[in-house]
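K.L.:
Below are the structure tokens for one structure; questions will follow.
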Amino acid sequence: MLNALSVDVEDWFQVGAFEDVIARDQWDRLPQRVERNCDAVLAMFEAADVKATFFTLGWVAERYPALIRRIAEAGHEVASHGWDHRRVFTMSAAEFRADLERARIAIEDASGQTPVGYRAPSFSIDQRTPWAHEVLADEGYAYSSSVAPIRHDHYGWPDAPRFAFRPLEDSALIELPVTTVSIAGARLAAGGGGFFRLLPWLFSRWAIDRVNRDEHRPAVFYFHPWEIDLGQPRVHNARLTSRLRHYSGLWAMEGKLNKLLARYHWGRTCDVVAIERVRLS
């Protein structure tokens, strides 16, 4: 079973947990760690002989074009994560279209690839953004991996399908939600990020095994480069809940990732989408 492996390329200060205490006009003055962290991820993937998708902020691509070229030249997919991590449900349709275009130009210039995939910051395509998939289709995207079909205090579309679906009747656009497992009618997140750091490895192994073996569907997994960076600055003026979400489990992340890479068959999101497209046809 080919599973989708992805990296959301953003720096430690660009996360939603700190957006209330770190303004965007401060970003260029803060210690930049995204390049060193992405290079560490690339080395990890090379050692494991896996390919992945790097959903990249246009802001990062504009400032680190050599990094984005290295990612592309290593055989990974470079896709869009929007311009500067604005959640889609905070934008109008016109603002979303402009955000996509600005990010696309930066990613194309840096990588030489036209992005065909998109992931919304903080999985922010949900019932509040009924226009989002139509905008993506209009802008030429082949797929989105922007839906978390769970209940969460920051995001989530609990009524969305758990697996790949076509959100528009008149478009070939595919939505590939991040992985969840269903237990007694409840959905639990099992596709990476903070849940992967905070929960025991045995839970993630059980969940992905269940999705692959029992449901015969691919897992969709993601993480961030800053999640393997123990030396990143600490944001002491953030709320306690934000600090716990961001820093908990960092020490164990790299070891867990190595187990994950060794146990399952991983590939680029675009390749998993191609398989799911046949399934949906």
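K.L.:
Give me the extension gain from Ala40 to Arg205: residue separation times 0.36 nm, minus the current Cα-Cα distance, reported in nm with one decimal.
P.N.:
Length gained between Ala40 and Arg205: 57.1 nm.
K.L.:
Please give me the summed charge of the neighbours of His81: other residues whose Cβ is under 10 Å from its Cβ, Lys and Arg +1, Asp and Glu -1. The partial results should precede the final answer.
P.N.:
Working: positive: Arg119; negative: Asp8, Glu10, Asp84.
Net charge around His81: -2.
K.L.:
What do you get for Rg/Rh over the chain if you use C-alpha atoms and the Kirkwood form of Rh? Walk me through the numbers on the way to the answer.
P.N.:
Details: Rg = 17.4 Å, Rh = 18.8 Å.
Taking Rh as the inverse mean 1/r over Cα pairs, Rg/Rh reads 0.93.
K.L.:
Which ³J(HN,Hα) values in Hz, rounded to whole numbers, follow from the phi angles of segment 177-186 under the Karplus curve 6.51 cos²θ - 1.76 cosθ + 1.60, where θ = phi - 60° and Gly and Pro get x?
P.N.:
x, 5, 5, 10, 10, 10, 10, 6, x, 9
K.L.:
What are the ³J(HN,Hα) values, in whole Hz, obtained from phi via the Karplus relation 6.51 cos²θ - 1.76 cosθ + 1.60 with θ = phi - 60°, for each residue of segment 7-21 in sequence order, with x given for Gly and Pro?
P.N.:
Rounded to whole hertz, the list is 10, 8, 7, 8, 8, 4, 8, 9, 6, x, 5, 10, 5, 7, 10.
K.L.:
At a 1.4 Å probe radius, carbon and sulfur cover how many percent of the accessible area of the chain? Don't jump to the answer; show the numbers that get you there.
P.N.:
Numbers: 6090 of 11800 Å².
Summing carbon and sulfur atoms, their accessible area is 52 percent of the total for the chain.
K.L.:
Follow-up question, since we're still on this one. Using amide H atoms built 1.01 Å from N in the peptide plane, name the residues 5+ places from Gly192, or on other chains, whose amide H lies under 5 Å from its own.
P.N.:
So Gly192 has HN proximity to Tyr222.
K.L.:
What's the Kirkwood radius of segment 1-116 in Å, using all Cα pairs? Provide the component values of the computation, followed by the final result.
P.N.:
Values: mean 1/r = 0.0679 Å⁻¹.
Hydrodynamic radius (Kirkwood, Cα pairs) of segment 1-116 is 14.7 Å.
K.L.:
While we're on this one: Trp266's amide H: which non-local residues (gap 5+, or another chain) put their own amide H closer than 5 Å, with H modeled 1.01 Å from N in plane and none for Pro or chain starts?
P.N.:
Result for Trp266 returns Asn3.
K.L.:
Can you work out the accessible area per residue across segment 139-235, with the rest of the protein chains kept in place, probe 1.4 Å, in square angstrom?
P.N.:
Numbers: 3940 Å² over 97 residues.
Accessible surface, normalised per residue, equals 41 Å².
K.L.:
Convert each backbone phi in segment 120-137 into a coupling constant with the Karplus relation 6.51 cos²θ - 1.76 cosθ + 1.60 (shift: θ = phi - 60°), then list the ³J(HN,Hα) values in order as whole Hz, x for Gly and Pro.
P.N.:
Each residue of segment 120-137 in turn: 5, x, 6, 6, 9, 9, 7, 5, 7, 10, x, 8, 5, 5, 5, 4, 4, 5 Hz.
K.L.:
Here's another thing I want to ask about it. Rounded if a/c is under 1.5, else prolate if a/b is larger than b/c, else oblate: which is segment 234-273, with a ≥ b ≥ c the root eigenvalues of its Cα gyration tensor? Mind showing how you got there, number by number?
P.N.:
Values: a/c = 4.72, a/b = 2.08, b/c = 2.27.
Oblate is the answer for segment 234-273, as a/c is 1.5 or above yet b/c matches or exceeds a/b.
K.L.:
For segment 207-281, what does the alpha-carbon gyration tensor say about shape, rounded, prolate or oblate, given a ≥ b ≥ c as the root eigenvalues, a/c under 1.5 as rounded, and a/b over b/c as prolate?
P.N.:
On the way: a/c = 2.66, a/b = 2.26, b/c = 1.18.
Taking the square roots of the gyration eigenvalues as a ≥ b ≥ c, segment 207-281 is prolate.
K.L.:
Here's something else I'd like to know. With both partners inside the chain, how many of the DSSP beta bridges are antiparallel, as a percent to the nearest 5?
P.N.:
On the way: 5 of 26 bridges.
The antiparallel fraction comes to roughly 20 percent.
The values are calculated or read from the model by the stated rules, or taken from the named source; none is laboratory data. The structure displayed is predicted, hence computed values, not measured ones. Positions of Cβ are backbone-derived with ideal geometry, glycine not excepted, and every protein chain shown enters the neighbour counts. Surface areas here come from the heavy atoms of the whole protein model, side chains and all, with no ligands, DNA or RNA. Shrake-Rupley method; radii C 1.70, N 1.55, O 1.52, S 1.80 Å.
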